[in-house]
Amino acid sequence: MDSKRRTFLKGTLAVGAVGVAVGSGLLAPRRVLAAWPQTAFEAKSVQDALKALVGSDLTEASGKVRVKAPDIAENGAVVPVTVSAGLGGVERMAIFVEKNPQPLTSSYDLAANAQGYVSTRIKMGKTSDVIAVVQAGGKLYSARKEVKVTIGGCGG
């Protein structure tokens, strides 16, 4: 019983400290989000999004980049996608849906010693290619997989 009380008090103290920091402006969410690549997420084509995200749209198809997604997605609002890269020095991974109104679904900056692996759920408006782009060693590598959507998730 005494350990539950201590855990509760520690949690209350932590929440209070965060509340004070946010209230005083020491911890401002807008500062954390300042590096968000807004132009890339608002782009209307894969090429424009890639240029805004990494400065180039030239990718090299690679068998070391793998996209795992269902052949048929029954609901485009929640399509599970896994991207893995058997490359060394992976710096960034991004997932695009070619026929979405805004093709960039997600972008991940990885630490130097991180494994090139991302698993997420994305929205797809209609049948399209899911494109994974991996930045490693200053080069861009890509792989794609067609996913057929039966019920649209992006305004479809």
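The values are calculated or read from the model by the stated rules, or taken from the named source; none is laboratory data. All figures in this text were calculated on a predicted structure; none of them were measured in a lab. A quick note on method: Cβ atoms are made from the backbone with ideal geometry, for glycine too, and the neighbour counts reach across all protein chains shown.
Tabulated values for the structure
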{"read-out": "Matching entry among Gln135, Gln102 (being in a strand (DSSP E or B), under 22 Å from Trp36 (Cβ atoms) and not hydrophobic (A, V, I, L, M, F, W, C))", "value": "Gln135"}
{"read-out": "So Gly76, is it surrounded by fewer than 16 Cβ atoms within 10 Å (Cβ to Cβ) and either modelled with pLDDT under 95 or part of a loop (DSSP other than H, G, I, E, B) (or both)", "value": "no"}
{"read-out": "Candidates Val54, Val81 - the one that is at pLDDT 95 or above, of a type in the set (A, V, I, L, M, F, W, C) and in the same structural domain as Gln135 (by TED's automatic domain parsing)", "value": "Val81"}
{"read-out": "Positions within region 53-98 being in contact (Cβ under 8 Å) with a residue 60 or more places away in the chain, among the hydrophobic types (A, V, I, L, M, F, W, C) and farther than 22 Å from Pro37 by Cα, in sequence order", "value": "Ala61, Val65, Val67, Ala69, Ile72, Ala73, Ala77, Val78, Val79"}
{"read-out": "Residue within region 107-130 that is over 15 Å from the mean Cα position of the chain (by Cα), in a strand (DSSP E or B), surrounded by 13 or more Cβ atoms within 10 Å (Cβ to Cβ) and touching a residue at least 12 places away in the same chain (Cβ under 8 Å) present", "value": "yes"}
{"read-out": "Test: residue in region 41-50 that is assigned to a loop (DSSP other than H, G, I, E, B), modelled with pLDDT of 90 or more, surrounded by 12 or more Cβ atoms within 10 Å (Cβ to Cβ) and among the hydrophobic types (A, V, I, L, M, F, W, C)", "value": "yes"}
